[in-house]
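Here's the structure we're looking at; comments come further down.
What follows is calculated from the coordinates using simple rules that are stated; it is not laboratory data. Treat the numbers as computed from the prediction; the structure is a model and nothing was measured. Here the Cβ is made from the backbone with ideal geometry for all residues, glycine too, and neighbour counts use every protein chain on show.
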Amino acid sequence: MTDDGTAAGGAGTPPDKIEPKPEEGRPAATPATEAATAPLDTAAAADTARLDTTAGATAEMPSATADTVALPAAESPSGAGSPPAAKTADDQRRPARWRGIVAVVLIVLATLLAPLTLAVLWMNHDLLNTDNYVAAVAPLSSNPALQGAVAQNLTNELWAKVNVQQQLAGVLPSWAQIFSAPLSNQLKSYTYQGVHAVVSSKAFGKVWEVANRRAHTQVSAALLGKKVAGVDTAKGQVSVDFAPVVDQVKSALDGKGIHVLDPVATTPGSATFVIFRSATLAKAQKTINFFHKLTVALPLLLLAAWAGAIAASWRRRRTVLQLGFTLALAMAVTLVGYHLGRGAYLNAVSSPQLPRDAAAAIFDALLVGVLAAARTVFVVGLVIWLGALLAGPGGWAVWVRRAVAGIFQTAGTAAEQKGLDLGPVGLWVARHHRPLQIAGLLIAAAVLVFWGTPGVAGVLWIVVGLLVYLAIVEFVGRLTRPAVGDAVAPRADAS
């Protein structure tokens, strides 16, 4: 055997029996290593055979690259002449643009309708309903500012109808004529005291209530511009008839020997007190009457705008979040407008006949309902916004949900360790977990809608009651471990 290996193999040695020469730096193969590497060598040979076959097939095919380059630009796969590419899954899930536009339009519409609907409902509930109107203004009979204004106005009206100084001049001697003016002023002060004593008595409350019940016809006429016999709506004012008060004052003065007011007639309407006046209201009667006819349609339109925005939206949780925020924003603007309008109205109507403090008391009594409703709806909007926010993917929202779920899990584990078993009730709650949650939400919404004036405190109590109910349902559902074979739909974790 020579060093170059030519003679070593010999002419008679088959090629497959020739042992390869180990490479430098690589140890010679041993039986153990050959056994270990045999599978690898077999796999490599198979891969090489497949590559050879593929190469042969490729050699027989024409050059695809050359053909593709030779194609004209118009026949390119991206060209206009090629068939449209199939839509991907992402393209099929992509929402139509018109849905987002419709949702935005409906959100804006609902934001504008909310304060308008509130105002119309307040007008029909508090102003156009006689019982509610009387109930709103009844506490004013004990308001000191209003009592003083009524006493001063009635005294001035009585003194304008009789010339007391002339009557005194006719009975006083000539040397005492200079005392007629001071005596007249003294009698006027005494009359004011008598009128004020009447209007500050407990009996005045009944007189005030009856007078305002009769005056409610003027309220409807002033707001809606209706033609009512004996009622002038051109000035947009509402006045209360106090003829019974004049009768009481005259009787009190007659009992003390003062008969200067006897010539004053006490027919209905002879002594009135204007509690509301607005020239702007008189000009807006047609507009108010138009919206009054939409009392039923406006709330339905508002609910339809809400439902339509949620239905059209692709991201409904975010839409609910926006609806709650815009509702709270609309009520905040309404509250700001109330305070600005209050100041402007008081500046316009304040006069010697109606002092500012008396006008403020009347304004606040009439608008206390809409103010409370705006605050209530503001809180409702915040609750909706916060609920949608907690249901979102935000980090703190996820943390809150996980924390609540952990509390329920801990409580359920503790109850299980103590052997608490709710039996069939627990199984039924576990099976109907989701419908029970939806029913609780619907009941809370119905209570909020049909409760006349829940106020902020009422809304908070409704929310607390709903949370307690949902907590009970969640606790019972997590506590119950149904037996094998009881089909309970799996619930996804809140987080």
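Here are some notes:
- Rounded, prolate or oblate (a/c below 1.5 giving rounded, otherwise prolate when a/b exceeds b/c) for region 331-375 by Cα gyration tensor: oblate
- Lysine pairs in region 143-277 with Cα atoms under 24 Å, if 8 or more residues apart or on separate chains: 12
- Going from the residue with the fewest nearby Cβ atoms within 10 Å to the one with the most, I101, I362 rank I101, I362.
- Taking all Cα-Cα distances within region 395-479, those exceeding 19 Å account for 51%.
- Each of K188, K161, K202 was scored by other Cβ atoms within 10 Å of its Cβ. Arranged with the fewest first, they read K202, K161, K188.
- Region 161-209 and region 352-407 have Cα centres spaced 52 Å apart.
- Sorted by Cβ density within 10 Å, fewest first, the residues E474, E209: E209, E474
- Gyration tensor verdict on region 143-277 (Cα atoms; rounded if a/c is under 1.5, prolate if a/b is larger than b/c, oblate otherwise): prolate
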